[in-house]
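Asker: My questions will all concern the structure given below.
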Amino acid sequence: MPKNKVYIFDTTLRDGEQVPGCKLNTKEKIEIALALEELGVDIIEAGFPISSPGDFNSVSEIGKVIKNAVVCGLSRAVQKDIEVAGEALRTAKRPRIHTGIGTSDFHIKSKFNSTREDILQRAIQCVKWARNYTDNVEFYAEDAGRTENEYLARVVEAVIAAGATTVNIPDTTGYCLPHQYGEKIAYLINNVPNIDKAVISCHCHNDLGLATANSIAGAMNGARQIECTINGLGERAGNTSLEEVVMVIQQHQTLGFYTDIKTQQLNPMSRLVSETMRMPVQPNKAIVGANAFSHSSGIHQDGFLKDAQTYEIINPEQVGADGSKIVLTARSGRSALAHRFHKLGFMFNRNDVDVLYEQFLSVADRKKEVEDEDLKVLANQYQAATV
Ligand code: KIV
Ligand code: ZN
């Protein structure tokens, strides 16, 4: 059965860059954009041109150097924003304007002091303005996660009729459960008559740690674009992490999806973003964390040494990680210790390892991690005592 492509829309340079302390200059943004294109992302959201002259310049410069990916600029549903985005994107070979407005009652009443009817008209209007600059227009219904489905369907139908070619359904506050978000996408697919004229996009935030699960639920129910960031960076608790959705899709072939991401570049890409944005990656982060392929407990180490697949579902090389690591701690067992001695060139039998293991434990109780140098000292002392 042919697989369905899920388009990867990277917003590291826009939603990711909104993280306090992650601000990038144009040179840094260009470096990341080029690496994203090399990674295989389909759409690069390069910035929010009206937000500052620096961001305008970055979007414009990125447009000049990106050859294949679509380059996208964000705007509000405001004519001036859209004009400025259109201007910044004039350099791009494949420009996209991403425009939209809040559609939940929280946004309509509290933020805009408006009505559903007025917001619907503003949504239609902003898409029409954007179409004056490009025929590649994405509309976002901000806080769609908390927007009533019937009204959301009216908005989606109207913006597609006005010329939107992608419709983004953001779970802006990260509130939805995966089945709710999936049902929302299914509702739109089944109730918007012109839905076949646009790609539905998932843009999920991670406030409850559900961004990846929600994006996958969206794709399973008909969405074909996922908006995500490297290392899951983004407002508050972040956005869907690119490396996670890509590897979920690759590991679960039965979903029937594929992406064009070159997965061997995921770890180098993660390091580039982390270093450039000065934002360390948590060690237990899936796919790209320092411990993603480390084994430290005796039970796990024993199983891993017999067959790596016992405790690893991804080969580290597949995602460009340095390789699996056996970390020796007070929780490690004899087989990991024997394996490490062997690697260091010491051929000990079972009895030797039993004795050495007790000595190893007393070092391990003092130190968080036992290093090769510690083991060499133990081994040499043991050999000297037993000749
Ligand atoms: O989270 C959100 O709703 C957004 C939109 C601007 C797309 O980032
Ligand atoms: Zn967002």
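Asker: Please work out how much length the chain gains when fully extended from residue 350 to residue 313, using 0.36 nm per residue of separation minus the C-alpha to C-alpha distance, in nm with one decimal.
Answerer: Stretched out fully, the residue 350 to residue 313 stretch lengthens by 10.3 nm.
Asker: Might you tell me the accessible area per residue for the range 294-385, computed with a 1.4 Å probe and given in Å²?
Answerer: In whole numbers, the range 294-385 has 60 Å² accessible per residue.
Asker: Remind me, relative contact order of the range 37-154 in percent, using alpha carbon pairs under 8 angstrom and six or more residues apart?
Answerer: Result for the range 37-154 is 23 percent.
Asker: What angle do you read, to the nearest 10 degrees and between 0 and 90, between the alpha-carbon axis of helix 266-277 and the longest principal axis of the chain?
Answerer: The answer is roughly 70 degrees.
Asker: Give the relative contact order (percent, whole number) for the range 294-385; include only Cα pairs under 8 Å separated by 6+ residues.
Answerer: Worked out over the range 294-385, it gives 28 percent.
Asker: Roughly speaking, what is the stretch gain from residue 254 to residue 220, that is 0.36 nm per residue apart minus the C-alpha to C-alpha distance, in nm to one decimal?
Answerer: Taking residue 254 through residue 220 to full extension adds about 11.1 nm, to one decimal.
Asker: Tell me the mean residue ellipticity at 222 nm calculated for the chain from its helices only (DSSP H runs of n ≥ 4, each -39500 (n - 2.57), averaged over every residue, nearest 500).
Answerer: Calculated mean residue ellipticity at 222 nm is -13500 deg cm²/dmol.
Asker: P(r) for the range 82-131, please, calculated from all Cα pair distances in 10 Å bins and given in %.
Answerer: Going from the shortest bin to the longest, the percentages are 24, 40, 26, 9.
Asker: On C-alpha positions alone, give me the angle between the axis of helix 372-386 and the longest principal axis of the chain, in degrees, nearest 10.
Answerer: That works out to roughly 10 degrees.
Asker: Quick one: which residues, 5 or more positions from residue 294 or on another chain, have an amide H under 5 Å from its amide H? H modelled 1.01 Å from N in the peptide plane, none for Pro or chain starts.
Answerer: So residue 294 has HN proximity to 325.
Asker: How many angstrom lie between the C-alpha centres of the range 335-353 and the range 245-265?
Answerer: Centre-to-centre (Cα) distance: 39 Å.
Asker: Same structure, new question: Using a Gaussian network model of the chain with C-alpha springs under 10 Å, which one of 263, 212, 240 is most mobile by mean-square fluctuation?
Answerer: Maximum fluctuation in the GNM of the chain, among the listed residues, is at 263.
Asker: Using the structure shown, list the pairs from 27/325; 29/67; 93/184; 5/325 with a Cα-Cα distance above 26 Å, or answer none.
Answerer: Table pairs above 26 Å Cα-Cα are 27/325; 93/184; 5/325.
Asker: Taking only Cα atoms and a 10 Å spring cutoff, compute GNM fluctuations for the chain and point out the largest among 353, 273, 59.
Answerer: Per the Cα network of the chain with a 10 Å cutoff, 353 tops the list.
Asker: Does anyone have the angle between helix 26-39 and the longest principal axis of the chain? Alpha-carbon axes, 0 to 90°, nearest 10?
Answerer: Tilt of helix 26-39: around 80 degrees.
Asker: Mind jotting down the distance between the C-alpha centroids of the range 70-109 and the range 153-195, whole Å?
Answerer: Value for the Cα centre distance between the two parts: 18 Å.
Asker: With the cut-off at 20 Å, report for the range 39-146 the share of all Cα pairs above it, as a whole percent.
Answerer: Everything past 20 Å amounts to 40 percent.
Asker: Right, another one. Give the accessible area for residue 105 in Å² (nearest 10); use a 1.4 Å probe, count only protein heavy atoms, and leave out ligands, DNA and RNA.
Answerer: Ignoring ligands and nucleic acids, residue 105 comes out at about 60 Å².
Asker: I'd like the Karplus ³J(HN,Hα) series for the range 73-90: coefficients 6.51, -1.76, 1.60, θ = phi - 60°, whole numbers in Hz, and an x wherever there's a Gly or Pro.
Answerer: x, 8, 8, 7, 7, 10, 4, 5, 4, 5, 4, 5, 5, x, 5, 4, 8, 4
Asker: Still on this structure, please answer the following. Return the FRET efficiency for the residue pair residue 343, residue 207: r is the Cβ-Cβ distance, R0 is 41 Å, and the value is rounded to the nearest 0.05.
Answerer: On the way: r = 44 Å, r/R0 = 1.07.
Computed FRET efficiency for residue 343 and residue 207 comes out at 0.40.
Asker: Next question, about the same structure. Protein chains only, probe 1.4 Å: how do 139, 56 rank by accessible area, largest first?
Answerer: Ranked from most to least accessible, the order is 56, 139.
Asker: Could you tell me what percent of the accessible area of the chain is made up of carbon and sulfur, with a 1.4 Å probe and every protein chain present?
Answerer: Ligands and nucleic acids excluded, carbon and sulfur reach 51 percent.
Asker: FRET efficiency for residue 87 and residue 361, Cβ-Cβ distance as r, R0 = 51 Å, nearest 0.05?
Answerer: Efficiency, rounded to the nearest 0.05: 0.15.
Asker: If you don't mind, there's one more thing I want to ask. Per residue of the range 223-229, in order, report the coupling 6.51 cos²θ - 1.76 cosθ + 1.60 (Karplus, θ = phi - 60°) as ³J(HN,Hα) in whole Hz, putting x for Gly and Pro.
Answerer: Those phi angles translate into 6, 10, 9, 10, 9, 7, 9 Hz.
Asker: Next question, about the same structure. Give me D for the chain in µm² s⁻¹, whole number, from Stokes-Einstein with Rh from the Kirkwood sum over alpha-carbon pairs, 25 °C and 0.890 mPa s.
Answerer: Using the Kirkwood radius from Cα pairs, D works out to 107 µm²/s.
Asker: Within the chain, which is the longest segment that contains none of the trypsin sites (Lys or Arg not before Pro) sitting in a DSSP loop with at most 10 other Cβ atoms within 10 Å?
Answerer: Answer - 68-277.
Asker: Counting alpha carbon pairs within less than 8 Å and at least 6 residues apart, what relative contact order, in whole percent, applies to the chain?
Answerer: After rounding, I find 13 percent.
Asker: Can you compute the FRET efficiency between residue 149 and residue 381 using 1/(1 + (r/R0)^6), with r the Cβ-Cβ distance and R0 = 45 Å? Round to the nearest 0.05.
Answerer: 0.05
Asker: Something else about it: Cα convex hull of the range 324-366: mean projected area in nm², to one decimal? Working shown, then result.
Answerer: On the way: hull surface 12.0 nm².
Computing the convex hull of the Cα atoms and averaging its projections yields 3.0 nm².
Asker: Mind jotting down the distance between the C-alpha centroids of the range 198-222 and the range 33-69, whole Å?
Answerer: 23
Asker: With θ taken as phi - 60° and the coefficients 6.51, -1.76 and 1.60, list the Karplus ³J(HN,Hα) couplings across the range 335-350 in order, rounded to whole Hz; mark glycine and proline as x.
Answerer: These are the phi-based 3J(HN,Hα) values: 5, 5, 5, 4, 4, 5, 4, 4, 4, 7, x, 9, 9, 9, 8, 4 Hz.
Asker: So how much slack lies between residue 116 and residue 67, counting 0.36 nm per residue of separation and subtracting their Cα-Cα distance, in nm?
Answerer: Contour length minus Cα-Cα distance gives 13.6 nm.
Asker: Same structure again: Could you state the per residue volume, in Å³, of the convex hull enclosing the Cα atoms of the range 294-385?
Answerer: 98
The values are calculated or read from the model by the stated rules, or taken from the named source; none is laboratory data. Source: prediction; values computed, not measured. Using ideal geometry, Cβ is built from the backbone for each residue, glycine included, and neighbour counts are taken over all protein chains shown. Heavy atoms of the whole protein, side chains included, go into the accessibility calculation; ligands, DNA and RNA do not. Shrake-Rupley method; radii C 1.70, N 1.55, O 1.52, S 1.80 Å.
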